[in-house]
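Undergrad: One structure, pasted below without further comment.
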Amino acid sequence: MRAGLILAATTFLACAAPAGAGDWTTVLRDGFDAADFAPEGGLYYRDNFEQTAGRVTFQSDVTRTGAGALKLSVRPVCAGAADEDGCSERAEIWEKTELRVPYDQGVWYGFAVKFGDPIPQDDHRYLIAQWKREIDPGAKGDFSPFLALRLRNGKLFATVETNYIAPGDTAGKAGTGCAGDGVPVWLRPKTNQMRALVATQDGWTPQDGELYADCTTDIKVVAHGNPLPAPDTGWIDFAIYTRPGPDGSGRIDLFANGKPVVTVTGHIGHADKGLGDNQYFKFGPYRAAHDNEWTLYYDDFRRSPRCEDVLTDGTCPSG
């Protein structure tokens, strides 16, 4: 078996700068079968303080397909940081800048993830993948991902973010059930944002979603009868279509293990001043500062404007 190779964040400094003009329609793939990122995958490990918490291992002991998979771990680094309360610990893999997708275009992403033991069971900020809009240098604000796969109390869930929209009178309250097609939402007017709860695993409780105390009809969710898989069920293969639309034209299709979970439409993403022209994707463990180690495994990354290149064991949506 091929021995694991641990690569520090500084190893990837040369990859962080654009290598030339790219094309967002290029199909990207990386099975993490070699000792470094595949050139055709378009991925790199970003270098900054929070990423020094990360360990990146190309290994062959835990795999889904092929000869290898990526092991990503985070450990405590925030003690004594200048902004200790705002510090995060990350081991995130990024798309190369020149390959990013325009914000108004739709694209499919696929990747498989397996949770290492122990799976965190506490109420903390844990993300395993996130999609964001570029932020221009000097822009004011801290913009959350327009789509994120998260963990709380050991349970997997997905959120969609957009600019703050005051709820209508008929939207209802999440604690008593959202009226009509209302969606549970966490209203955050001070940051001009709101975060909707769009998908959960079986066993999700009102206490797990207590932050999402209001409802919105500006984001719509069609559930397809398949909850998100639980983190302790082994490899989870995601296929996800993202097309932001802060004006209400957005769409997200989320598949897990070949099964459709939800279709999300409406106001998706941000339209504030100072934001860039592209969307971008990051995957890997990301958490608020903590005192232990957290590990995830990733395999079979792919990206394409065509569903058929990404959703390899399911039926692509017709709409």
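The values are calculated or read from the model by the stated rules, or taken from the named source; none is laboratory data. Everything quoted here is computed from the prediction, not taken from an experiment. Because the Cβ atoms are built from the backbone with ideal geometry, glycine has one as well, and the counts that use them run over all protein chains shown.
Undergrad: Can you confirm whether residue 230 is farther than 23 Å from residue 99 by Cβ, surrounded by fewer than 16 Cβ atoms within 10 Å (Cβ to Cβ), of a type in the set (A, V, I, L, M, F, W, C) and in contact (Cβ under 8 Å) with a residue 40 or more places away in the chain? Break it down into steps so the answer makes sense when it comes.
TA: On the way: farther than 23 Å from residue 99 by Cβ: yes; surrounded by fewer than 16 Cβ atoms within 10 Å (Cβ to Cβ): no; of a type in the set (A, V, I, L, M, F, W, C): yes; in contact (Cβ under 8 Å) with a residue 40 or more places away in the chain: yes.
Spelling it out, it is not the case that residue 230 is farther than 23 Å from residue 99 by Cβ, surrounded by fewer than 16 Cβ atoms within 10 Å (Cβ to Cβ), of a type in the set (A, V, I, L, M, F, W, C) and in contact (Cβ under 8 Å) with a residue 40 or more places away in the chain.
Undergrad: While we're on this one: So, in the range 44-67, of the ones that are among the polar types (S, T, N, Q) and in a helix (DSSP H, G or I), which residue ends up farthest from residue 286 (Cα to Cα)? If you could, list the steps in order and put the result at the bottom.
TA: Going residue by residue through the range 44-67, those that are among the polar types (S, T, N, Q) are 48, 51-52, 57, 59-60, 63, 65.
Of the ones still in play, those that are also in a helix (DSSP H, G or I) are 51-52.
Working: 51: 9, 52: 12 Å.
Taking the candidates together, the pick is 52.
Undergrad: Sort out which residues of the range 74-96 are assigned to a strand (DSSP E or B) and under 16 Å from the mean Cα position of the chain (by Cα), and write them in order of number.
TA: 88, 89, 90, 93, 94, 95
Undergrad: Return the total of residues in the range 123-133 being over 11 Å from the mean Cα position of the chain (by Cα) and at pLDDT 95 or above. Give the derivation first.
TA: First pass over the range 123-133, keeping only residues over 11 Å from the mean Cα position of the chain (by Cα): 123-125, 133.
Among the residues that remain, those that are also at pLDDT 95 or above are: 133.
Qualifying residue count, the range 123-133: 1.
Undergrad: Scanning the range 83-130 for residues that are farther than 28 Å from residue 209 by Cβ and of a type in the set (Ser, Thr, Tyr), which turns out surrounded by the most Cβ atoms within 10 Å (Cβ to Cβ)?
TA: If we take residues in the range 83-130 being farther than 28 Å from residue 209 by Cβ and of a type in the set (Ser, Thr, Tyr), then 103 is surrounded by the most Cβ atoms within 10 Å (Cβ to Cβ).
Undergrad: Could you please give the count of residues in the range 99-115 that are over 17 Å from the mean Cα position of the chain (by Cα) and either part of a loop (DSSP other than H, G, I, E, B) or under 23 Å from residue 70 (Cα atoms) (or both)? Reasoning before the result, please.
TA: The initial filter retains those residues of the range 99-115 that are over 17 Å from the mean Cα position of the chain (by Cα), namely 99, 102, 104-105.
Still in the list and also either part of a loop (DSSP other than H, G, I, E, B) or under 23 Å from residue 70 (Cα atoms) (or both): 99, 104-105.
Going through the range 99-115 one residue at a time, the tally reaches 3.
Undergrad: Exactly one condition in (1) surrounded by fewer than 19 Cβ atoms within 10 Å (Cβ to Cβ); (2) not polar (S, T, N, Q); (3) not in a strand (DSSP E or B) is false for residue 212; which is it?
TA: (1)
Undergrad: Between residues in the range 90-105 that are over 23 Å from residue 245 (Cβ atoms) and residues that are among the acidic types (Asp, Glu), which pairs lie under 7 Å by C-beta distance while being six or more apart or on different chains?
TA: Pairs that qualify, where the first residue is over 23 Å from residue 245 (Cβ atoms) and the partner is among the acidic types (Asp, Glu), are 90/50.
Undergrad: Could you list all residues from the range 77-111 that are in contact with a His (Cβ under 9 Å, 6 or more places away or on another chain) and modelled with pLDDT under 95? So that I can check it myself, show each step before the final result.
TA: Of the residues in the range 77-111, the ones in contact with a His (Cβ under 9 Å, 6 or more places away or on another chain) are 78, 89.
Scanning the range 77-111 gives a single hit, 78.
Undergrad: So is residue 153 of a type outside the set (A, V, I, L, M), surrounded by 13 or more Cβ atoms within 10 Å (Cβ to Cβ) and in contact (Cβ under 8 Å) with a residue 60 or more places away in the chain or not? First the steps, then the outcome.
TA: Working: of a type outside the set (A, V, I, L, M): yes; surrounded by 13 or more Cβ atoms within 10 Å (Cβ to Cβ): yes; in contact (Cβ under 8 Å) with a residue 60 or more places away in the chain: no.
Answer is no for this residue.
Undergrad: Ok, one more. When residues of the range 37-69 are filtered for being under 24 Å from residue 101 (Cα atoms) and surrounded by 15 or more Cβ atoms within 10 Å (Cβ to Cβ), how many remain?
TA: At the first step, the residues of the range 37-69 found to be under 24 Å from residue 101 (Cα atoms) are 37-48, 51.
Then keep just the ones that are surrounded by 15 or more Cβ atoms within 10 Å (Cβ to Cβ); that gives 37-38, 41-47, 51.
Selection size over the range 37-69: 10.
Undergrad: Any residue in the range 272-286 that is among the small types (Gly, Ala, Ser) sitting within a Cβ distance under 6 Å of a residue that is assigned to a strand (DSSP E or B) and surrounded by fewer than 24 Cβ atoms within 10 Å (Cβ to Cβ)? List the pairs, counting only those 6 or more apart or interchain.
TA: Final answer for the pair search is 276/134.
Undergrad: When you check residue 41 against the structure, is it over 22 Å from residue 76 (Cα atoms), touching an Asp or Glu at 6+ places or on another chain (Cβ under 6 Å), at pLDDT 95 or above and of a type outside the set (D, E, K, R), yes or no?
TA: Working: over 22 Å from residue 76 (Cα atoms): yes; touching an Asp or Glu at 6+ places or on another chain (Cβ under 6 Å): yes; at pLDDT 95 or above: yes; of a type outside the set (D, E, K, R): yes.
It is true that residue 41 is over 22 Å from residue 76 (Cα atoms), touching an Asp or Glu at 6+ places or on another chain (Cβ under 6 Å), at pLDDT 95 or above and of a type outside the set (D, E, K, R).
Undergrad: Out of the residues in the range 186-204 meeting the condition of being buried (at least 18 other Cβ atoms within 10 Å of the Cβ) and in contact with a Pro (Cβ under 6 Å, 6 or more places away or on another chain), tell me which one is farthest from residue 166 (Cα to Cα).
TA: This residue is 201.
Undergrad: Out of the residues in the range 298-315 meeting the condition of being assigned to a loop (DSSP other than H, G, I, E, B) and crowded, with 16+ Cβ neighbours inside 10 Å, tell me which one is modelled with the lowest pLDDT.
TA: 314
Undergrad: Still on this model: Just to be sure, is residue 206 of a type outside the set (A, V, I, L, M), more than 17 Å from residue 132 (Cα to Cα) and outside any strand (DSSP E or B)? Working first, answer last.
TA: Values: of a type outside the set (A, V, I, L, M): yes; more than 17 Å from residue 132 (Cα to Cα): yes; outside any strand (DSSP E or B): yes.
Against the criterion (of a type outside the set (A, V, I, L, M), more than 17 Å from residue 132 (Cα to Cα) and outside any strand (DSSP E or B)), residue 206 qualifies.
Undergrad: Of all residues being surrounded by 14 or more Cβ atoms within 10 Å (Cβ to Cβ) and part of a loop (DSSP other than H, G, I, E, B) in the range 169-180, which is modelled with the lowest pLDDT? Just the residue, please.
TA: Within the range 169-180, the subset surrounded by 14 or more Cβ atoms within 10 Å (Cβ to Cβ) is 171-175, 178-179.
Among the residues that remain, those that are also part of a loop (DSSP other than H, G, I, E, B) are: 171, 179.
On the way: 171: 65, 179: 83.
So the residue we want is 171.
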